[in-house]
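Any read-out appearing in this document is the output of simple, stated calculations on the displayed coordinates, not a laboratory observation. Quick caveat: nothing in here was measured; it's all calculated off a predicted structure. Ideal geometry is used to build each Cβ from the backbone, glycine not excepted, and the neighbour counts take in all protein chains shown.
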Amino acid sequence: MLHERGVKTETIQVDEVETRTNIIIVESSGDCTIVAEQGKPLAGIILDKVEDVLRKNVKGGDYLVLSGDASNCARNIYSGIIREFSAIGVRVFLDTSGPYLRESLREGPFLVKPNLDELSQICGKPLNIGRFSEIVEALDIFDDYPIEVVAVSLGESGSLIKRGDKILRAYPPRINVKNTVGCGDAYLAGLVYGFHNQMTLEDTLVFATAVSGATAAHESSVGFDVDEAERQKEMVRIDRILSTNQIPG
């Protein structure tokens with residue numbers, strides 16, 4: 001299917017390693033639960049092959065997405081990749097958690113996308129949407145790192161994005177949620193699309209929010225309806241946050 005859409009793929013086959021199985025439970029309410037196996041530890045020679053594939057295919061000016069927890073790998077697996085490819089002008093978009101996120105911050109990925117729990121872990125205190133000003137204040141912790149963009153996903157409450165001294169909040173439209181699996185990935189893909197096409201920060205956030213919402217409105221665990229995303233774009237609301245004293249409720 002990817003080849004039919006003109007997408008180049010390259011996989012590393014390891015005969016003696018079984019692919020892990022993930023089970024997605026979708027309830028009639030639209031709530032979703034993922035039961036994920038941890039997967040097999042990957043030998044160093046396999047990780048070397050992964051890096052060889054990257055070196056062969058990724059060039060300066062490209063966009064590289066590192067997504068998911070690198071289970072059973074050294075916590076610096078992502079940081080080494082970010083260091084190498086950022087140095088040649090690759091924009092790295094990082095979507096991970098725990099030690100893989102913390103170890104990577106100093107290497108300067110172009111964008112990081114923590115959710116609220118992950119942001120709480122980074123700043124060392126619990127955060128919740130009811131104390132929104134504390135969430136905004138927590139973004140200041142990223143000023144200590146060479147990261148250009150921080151996008152914080154807030155689930156049904158939308159998202160925040162910070163670039164320089166500009167902070168925006170996106171409010172998604174109300175939709176009939178059918179399957180929330182993949183919404184975060186779709187949101188990240190929308191951000192990549194927006195930056196690649198040199199859209200304004202506001203338009204990028206609107207597009208990413210609409211794509212994520214269209215994914216939630218789709219029964220499948222993969223993909224979304226493009227027309228639905230276009231409809232939702234017209235209903236996304238964006239607020240600019242100038243300071244913690246001017247935060248919308």
Partner lysines for LYS40 [C-alpha distance under 20 Å; skip if fewer than 8 residues away on the same chain]: LYS49
Relative frequency of Cα-Cα separations exceeding 18 Å in the stretch 10-128, percent: 61 percent
For the chain, built as a Gaussian network whose Cα springs stay under 10 Å, the top-fluctuating residue of LYS178, LYS40, LYS162: LYS40
Relative contact order of the stretch 78-153, defined on C-alpha pairs under 8 angstrom at six or more residues apart (%): 33 percent
Difference of contour (0.36 nm per residue) and Cα-Cα distance, ASP225 to GLU18: 71.3 nm
Axial C-alpha extent at least 15 Å, average Kyte-Doolittle at least 1.6 - helices from the chain (DSSP): none
Ascending count of other beta-carbon atoms within 10 Å, so fewest first, for ASP185, ASP140, ASP62, ASP165: ASP165, ASP140, ASP62, ASP185
Taking the chain and dividing mean pair separation by its residue count, relative contact order in percent (alpha carbons under 8 Å, at least six apart): 13 percent
Intensity falloff of the stretch 24-77 expressed as log10 I(q)/I(0), Debye formula with alpha-carbon point scatterers, at q = 0.15, 0.16, 0.24, 0.32 Å⁻¹: -0.66, -0.71, -1.03, -1.28
Rounded to 5, the percent of DSSP beta bridges in the stretch 51-165 classed as antiparallel: 35 percent
Given charges at Cβ of Lys, Arg, Asp, Glu: the chain dipole, positive-most of SER157, TYR145, GLY124: TYR145
Size of electric dipole in the stretch 102-249: Cβ of Lys, Arg +1 and of Asp, Glu -1, about Cα centre, debye, nearest 20: 260 debye
Cβ-based exposure ranking for ILE147, ILE12, in which fewest neighbours within 10 Å come first: ILE12, ILE147
Partners for LYS233 among lysines (Cα-Cα distance below 24 Å; same-chain residues under 8 apart left out): LYS113, LYS162, LYS166, LYS178
Calculated on alpha-carbon atoms, Rg and Dmax of the stretch 59-174 in Å: 14.2, 43
The chain, dipole about Cα centre (Lys/Arg Cβ +1, Asp/Glu Cβ -1), debye to the nearest 20: 460 debye
For the chain, with +1 on Lys and Arg beta carbons and -1 on Asp and Glu, the positive-most of ILE175, SER104, TYR187 along the dipole: SER104
Three-way shape label, the stretch 118-249, alpha-carbon gyration tensor, a/c 1.5: prolate
THR215, THR96, THR21 arranged by Cβ crowding within 10 Å, fewest neighbours leading: THR21, THR96, THR215
Calculated SAXS-style log₁₀ I(q)/I(0) at q = 0.12, 0.14, 0.15 Å⁻¹ - the chain, Debye, Cα scatterers: -0.76, -1.06, -1.22
